[in-house]
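Participant: Just passing along the structure, written as structure tokens.
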């Protein structure tokens, strides 16, 4: 059975980070987790820059800076633990934020990493080398990007699927992380090379027939997918024609989910870099929280 005993959330002690902290705390309680780790990373590059600014480099100045950060995080963790009534462990590291988050989560065998999305700039920065993008690319455990102020347990969950192993794992974790939610599985289908078929002189009637056949195949695949998932009666499902990112956006507008769960597609180095094109689109455009599930690992932690 999948569990999330240890959850890690990166924090810079900002208001944006507080939303991720709140959601992580909710999940610790809802899922019976053992502990929440609040990880604050002091930038190694920034410390190096500080050394160059000092006319006389002082280890004492660095020590005071680190001690101050430790004290602030310790106070925050103590107050947060009392408020949320969960065990909280504060962790301070020095280095690159994404590298320390990945290393700490791997060392703990964490079941989930929770990160905050920094407002509107997140859309522009996510795929331009930000901490979130690097963590998503490197980490093997599920990563939850929190975009909204948590109000309670997730109530509506959208799970785009392509019937792959990655999609199956995403659906499984959706059922686990939101057991009381209305969960919708969504598959978008297209006719291969449909646009080029027109130029090749294929009739509209033939193309419509191809589309009908593609829909039937997709419906049958969805039934088998739901049956294998063992989720009959627990989820609803939709099969829609169109380009996957557009279909997901349209259905998200219609369903208004508070969480989208995606598989992190792509096995080649280049595909991993992009996190899979559909996943990338959803992370960029979705207004709700997004949970990205790695195809490499989905197990108790």
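Participant: What spacing in nm lies between the two simple spin-label points modelled at residue 89 and residue 287, each 7 Å away from Cα in the Cβ direction?
Facilitator: Going by the 7 Å Cα→Cβ label model, 3.9 nm.
Participant: Can I ask one more? Could you list 163, 80 so that the one with the fewest beta carbons within 10 Å of its beta carbon is first and the one with the most is last?
Facilitator: Fewest to most other Cβ atoms nearby, the residues stand as 163, 80.
Participant: Something else now. Could I have the simple spin-label model distance between residue 62 and residue 220, label points 7 Å from Cα toward Cβ, reported in nm to one decimal?
Facilitator: Result: 6.6 nm between the two label points.
Participant: Order these by the 10 Å Cβ neighbour count, fewest first: 285, 205, 62. Write out the running numbers ahead of the final one.
Facilitator: Working: 285 13, 205 8, 62 16.
Going from least to most buried by this count: 205, 285, 62.
Participant: With r as the distance between the Cβ atoms of residue 30 and residue 75 and R0 = 45 Å, compute the FRET efficiency 1/(1 + (r/R0)^6) and round to 0.05.
Facilitator: 0.95
Participant: Something else now. For segment 137-264, state the semi-axes of the equivalent ellipsoid (square roots of 5 times the eigenvalues of the alpha-carbon gyration tensor), sorted largest first and rounded to whole angstrom.
Facilitator: 31, 16, 14
Participant: Taking 0.36 nm per intervening residue step and subtracting the Cα-Cα distance, what contour gain separates residue 109 from residue 164 on full extension?
Facilitator: In short, 17.3 nm is gained.
The numbers here are math on the coordinates, done by the rules we state, and not lab data. Every value quoted in this text rests on a predicted model; they were computed, and no experiment measured them. Cβ coordinates were reconstructed from backbone atoms using ideal geometry, including for glycine residues, and neighbour counts include every protein chain displayed.
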